[in-house]
Amino acid sequence: MKKINIILFLLLLPFVCSAQFIGIGAQYADAKDKGNDFQFAANISFPVWHKKNALNSFIASGVDYTGGSSPVAGLNIKPIQLTSYLSESLFDNNKATILVGCDAGYLFNFRHGKDGIVITPNIYLDYKFFFIKTGYDFNVTGNEQQFFVRAGFCFGMGSIKSYAKTTIR
């Protein structure tokens, strides 16, 4: 098991080095009487496609980890994160960042749930070094679902916008 953890760490290291969003905090999700509703949460994501477009959207990839006993907890590898910042003027003139998106990935559930493909529509808000993200996880393969709210510390667009003049386009 130790060798697997080392290999996993080495595989994930490039993600951390090029990440634009790094967050660590806590998550609330109903554990369905199988454990704690509050869990540790960490996430890393980085853009893979960000061209000018009318929808103000970009595609990112990333990794989410939630340690706990909710139905959709574990290591979630998310190769597709379609996200929109809604309005260029709102993004450029506001210190907070509001993103609306939908993630798709594969969940390795280490506790009691089922591994499977997970789709997560979500709303993300950050201000300086703090973030809140809420959404709904659908484990399509395992037929499990949960509403979640995550909050914590982050290094992302809000952090950068607080200390440098940042605009899109």
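The values are calculated or read from the model by the stated rules, or taken from the named source; none is laboratory data. Model, not experiment: these values are computed from the prediction. Cβ: placed from backbone, ideal geometry, glycine included. Neighbour counts: every protein chain shown. What goes into the accessible areas is simple: the full protein's heavy atoms, side chains included, and nothing from ligands, DNA or RNA. Shrake-Rupley method; radii C 1.70, N 1.55, O 1.52, S 1.80 Å.
Condition test on ILE117, is it at pLDDT 85 or above, farther than 21 Å from TYR28 by Cβ, loosely packed, with under 14 Cβ neighbours inside 10 Å and of a type in the set (Val, Ile, Thr)? It is true that ILE117 is at pLDDT 85 or above, farther than 21 Å from TYR28 by Cβ, loosely packed, with under 14 Cβ neighbours inside 10 Å and of a type in the set (Val, Ile, Thr). Of the residues contained in the stretch 92-109, one or more are found to be touching a Lys or Arg at 6+ places or on another chain (Cβ under 7 Å) and of a type in the set (D, E, K, R).
List pairs: first residue in the stretch 57-75 and more than 25 Å from TYR85 (Cβ to Cβ) and touching a residue at least 40 places away in the same chain (Cβ under 8 Å), second residue of a type in the set (S, T, N, Q) and open to solvent by 20 Å² or more (accessible area, probe 1.4 Å) anywhere in the structure, Cβ distance under 9 angstrom, at least six positions apart or on different chains. Filtered contacts from the stretch 57-75: GLY68/ASN36; SER69/ASN36; SER70/ASN36; PRO71/GLN145; VAL72/GLN145.
From the set of residues in the stretch 62-82 that are farther than 13 Å from ILE119 by Cα and in a strand (DSSP E or B), which is modelled with the lowest pLDDT? Among those that are farther than 13 Å from ILE119 by Cα and in a strand (DSSP E or B), it is GLY67.
Residues that are among the aliphatic types (A, V, I, L, M) and modelled with pLDDT under 85 were ranked within the stretch 83-109; the one that is surrounded by the most Cβ atoms within 10 Å (Cβ to Cβ) is ALA96.
Could you look through the stretch 35-82, keep only residues that are among the hydrophobic types (A, V, I, L, M, F, W, C) and in contact with a His (Cβ under 8 Å, 6 or more places away or on another chain), and pick out the one that is most open to solvent (accessible area, probe 1.4 Å)? The residue in question is ILE59. Remark: THR166 matches the filter, which requires a residue to be at pLDDT below 85 and either in contact with a His (Cβ under 7 Å, 6 or more places away or on another chain) or in a loop (DSSP other than H, G, I, E, B) (or both). Scan the stretch 127-145 and report the pairs whose first residue is part of a strand (DSSP E or B) and whose second residue is modelled with pLDDT under 90 and of a type in the set (Val, Ile, Thr), with Cβ atoms within less than 9 Å and a gap of 6+ or a chain change. Qualifying pairs under 9 Å: TYR127/THR97; PHE131/THR97; ASP137/VAL72; PHE138/VAL72; ASN139/VAL72; GLU144/VAL72; GLN145/VAL72.
Applying the criterion of being hydrophobic (A, V, I, L, M, F, W, C) and within 16 Å of ILE24 (Cα to Cα) to the residues of the stretch 59-76, the residue that is nearest to the chain's Cα centre (by Cα) is VAL63. Quick one: would you say ILE24 is open to solvent by 10 Å² or more (accessible area, probe 1.4 Å), part of a strand (DSSP E or B) and closer than 22 Å to LEU125 by Cβ? The answer is yes for ILE24.
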